[in-house]
Amino acid sequence: MTLASVVIVGAGQAGFQVATSLRQEGYEGRITLIGDEPGLPYQRPPLSKAYLLGKIQDTNLLFRPADFYTAQRIDLLHDQVTAIDRQNRRVVLASGDAINYDHLVLATGAHNRPLPVPGAELPQVFGIKTKADADALAPLAKAARNVVVIGAGFIGLEFAAVAAALGANVHVLELAERPMARAVSREMSELFRQAHEQWGVHFDFREGLSRIDGDNGKVCAVQTADGRALPADLVVFGIGVIPNAQLATEAGLAIENGIKVDANLLTSDPRISALGDVANFPCLQNDEKHTRLESVQNAVDQARAVAARLMGKPAPYGALPWFWTDQGDLKLQIAGLSNGYDSTVVLGSAADKQLSVLCFRNDRLVAVESCNRMGDHMAARKILSRAPRLTAAEASAEGFDLKAWEAANRD
Amino acid sequence: MPTLTFIEHNGTAHQVKGDIGQSVMQAATFASVPGIPADCGGACSCATCHTYVDDAWLSKVQAAESMENDMLEYAFERRDNSRLSCQLIISEEMDGMVLHLPASQF
């Protein structure tokens, strides 16, 4: 199968990587990469942390400089795709143009779930998704005295750590009973709660908000669901994302929590792939249940898989998921998926802020969460990527060392 | 603008200009030096930007911090001069520095 034209919708991590990997694999045809944000494709993870603190300049957010796209013959278009015309195999752009494809790749990502309360439209209320968001937020974060963060997930807590470091009073509202409740174990949540509190962050768990109050068009307070007014001059929310599946829906592709794809990351139309945050794929590490992952690793590894398949090397996608978040002096790394774990073994010490939590399901290691124990994380990635598996009994032994176990159990 | 030389495992050399304050990893990826996937984008989270600093240049780079050391333990064929290039920030002193690439990053 020779493809004369591959069109990629979405120029985030996944879309960029598909284009790059196609060229690395030796693809000679036309590549069109369509993004609806201005400027060159960039990485998002620093937006809620190092970039806001001024530790990373904006040119260092870029994946590649402008001349890369010319040299690699990647046509980067700043436009919006308004429709997929599957019959004629072309995408229609807001500018009025249409581009033909032999294969279409949907890497449309996700957008922030909006804050569903009155006052969310005030200009000092932010989600963080794009560089434009971060650029508008940065000066307000530096000047803010009272910051209210809605949602104690990765993004909310990364920003809470930034705001605390910048000297603001920070108050976090979270509906669950602990931070990062959907992503990490109770033990790891507790370490992060304590660390944030040491940095001066105040938490209200099992608490939502009813509205955001403004005064002359400026945020002045957040009203909690239980009727308290928290002073605020800046509100940042991170309450999850919604996959950008509208184009695919309108094109009649199978949709289920994003764009539904098979193990090869193909949609219900064999000429269309989907990957990254928008793709709901049968996940090897989740009993092959359809799963949607929002991470750099997922975007990059799925992009490599799509590019390899388009170059005639198909293989079911099965890369090990891994994640990270940086908050203050804490680096949390997660290898594997802990869904449905039923027991844990803890290594290290929360007091020293060096902790690994091994998550087991039916006595099989399924995930390892590590805080400031990067060796454990890397060892976990090796162990989880292959047999033999580690049992909880072994890991519970006095003096157990994950790295040593990994080294002793190679092949 | 300091110039860095990356030598691939097969001997192919790439001369790359880097900006002061930029990471060595980024100078390499910006110039499309092959063999540095740098999956995490420079967050010291993936160990796929592993390089060997040429022995003559080791004195020009600061020692690795503990988290980089931990990650390097799992790099492919770690040596004494192994570094994660995302953690090497380019300075004037590095002008002319030579870095060697491992046979693999995984």
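The values are calculated or read from the model by the stated rules, or taken from the named source; none is laboratory data. Just so you know, these numbers come straight off a predicted model, no measurement behind them. Heads up, the Cβs are rebuilt from the backbone with ideal geometry, glycines too, and the neighbour counts pull from every protein chain shown. The accessibility values were calculated without ligands, DNA or RNA, using every heavy atom of the protein model including side chains. Shrake-Rupley method; radii C 1.70, N 1.55, O 1.52, S 1.80 Å.
Values computed for the structure shown
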| item | result |
| --- | --- |
| Residue match in segment B:5-16 (condition: over 24 Å from A:Gln72 (Cβ atoms) and in contact with a Pro (Cβ under 7 Å, 6 or more places away or on another chain)) | no |
| Residue match in segment B:36-45 (condition: touching a residue at least 60 places away in the same chain (Cβ under 8 Å), within 11 Å of chain A (Cβ to nearest Cβ) and closer than 26 Å to A:Pro46 by Cβ) | yes |
| Elements of type strands (runs of 3 or more DSSP E) in segment A:215-300, at least 1 residues being touching a helix residue (DSSP H, G or I) at 6+ places or on another chain (Cβ under 9 Å) and open to solvent by less than 60 Å² (accessible area, probe 1.4 Å) | A:234-237, A:241-243, A:272-274, A:279-283, A:289-291 |
| Checking B:Thr5 against (1) touching a residue at least 12 places away in the same chain (Cβ under 8 Å); (2) open to solvent by 30 Å² or more (accessible area, probe 1.4 Å), the condition it does not meet | (2) |
| Filtered residues of segment A:315-337 (kept if outside any strand (DSSP E or B) and more than 11 Å from chain B (Cβ to nearest Cβ)) | A:Ala315, A:Pro316, A:Tyr317, A:Gly318, A:Leu320, A:Pro321, A:Gly328, A:Leu337 |
| Pairs where the first residue, in segment A:288-306, is away from chain B (no Cβ under 12 Å) and the second is charged (D, E, K, R), C-beta under 6 Å, 6+ apart | A:Glu294/A:Asp277 |
| Among the residues listed as A:Leu137, A:Leu173, the single one being part of a helix (DSSP H, G or I), more than 30 Å from A:Ala248 (Cα to Cα) and of a type in the set (A, V, I, L, M, F, W, C) | A:Leu137 |
| Any hit, segment B:52-72, residues being within 11 Å of chain A (Cβ to nearest Cβ), crowded, with 17+ Cβ neighbours inside 10 Å, touching a residue at least 40 places away in the same chain (Cβ under 8 Å) and among the hydroxyl-bearing types (Ser, Thr, Tyr) | no |
| Residue list for segment B:59-88, filter: of a type in the set (A, V, I, L, M) and modelled with pLDDT of 95 or more | B:Leu84, B:Leu88 |
| Filtered residues of segment A:356-381 (kept if assigned to a strand (DSSP E or B) and more than 14 Å from chain B (Cβ to nearest Cβ)) | A:Val357, A:Leu358, A:Cys359, A:Phe360, A:Arg361, A:Arg364, A:Leu365, A:Val366, A:Ala367 |
| Test for B:Asn10: is it free of Cβ contacts under 8 Å to residues at least 12 places away in the same chain, within 14 Å of another protein chain (Cβ to nearest Cβ) and not small (Gly, Ala, Ser) | no |
| Filter result for the condition that a residue is within 12 Å of another protein chain (Cβ to nearest Cβ) and under 22 Å from B:Cys40 (Cβ atoms), over A:Leu53, A:Leu33, A:Leu61 | A:Leu61 |
| Test for A:His202: is it assigned to a strand (DSSP E or B) and either within 14 Å of another protein chain (Cβ to nearest Cβ) or touching a Phe, Trp or Tyr at 6+ places or on another chain (Cβ under 7 Å) (or both) | no |
| Number of the condition not met by A:Gly167 [criteria: (1) part of a loop (DSSP other than H, G, I, E, B); (2) more than 21 Å from A:Gly54 (Cβ to Cβ)] | (2) |
| Residues within segment B:73-102 that are open to solvent by 40 Å² or more (accessible area, probe 1.4 Å) and closer than 23 Å to B:Thr3 by Cα, tallied | 6 |
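Matching residues to (1) of a type in the set (D, E, K, R); (2) in contact with a helix residue (DSSP H, G or I) (Cβ under 9 Å, 6 or more places away or on another chain); (3) crowded, with 18+ Cβ neighbours inside 10 Å:
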position: A:Thr20; (1), (2), (3): no, yes, yes
position: A:Leu33; (1), (2), (3): no, yes, yes
position: A:Gly39; (1), (2), (3): no, yes, no
position: A:Leu52; (1), (2), (3): no, yes, yes
position: A:Ala66; (1), (2), (3): no, no, no
position: A:Ile74; (1), (2), (3): no, yes, yes
position: A:Thr82; (1), (2), (3): no, yes, no
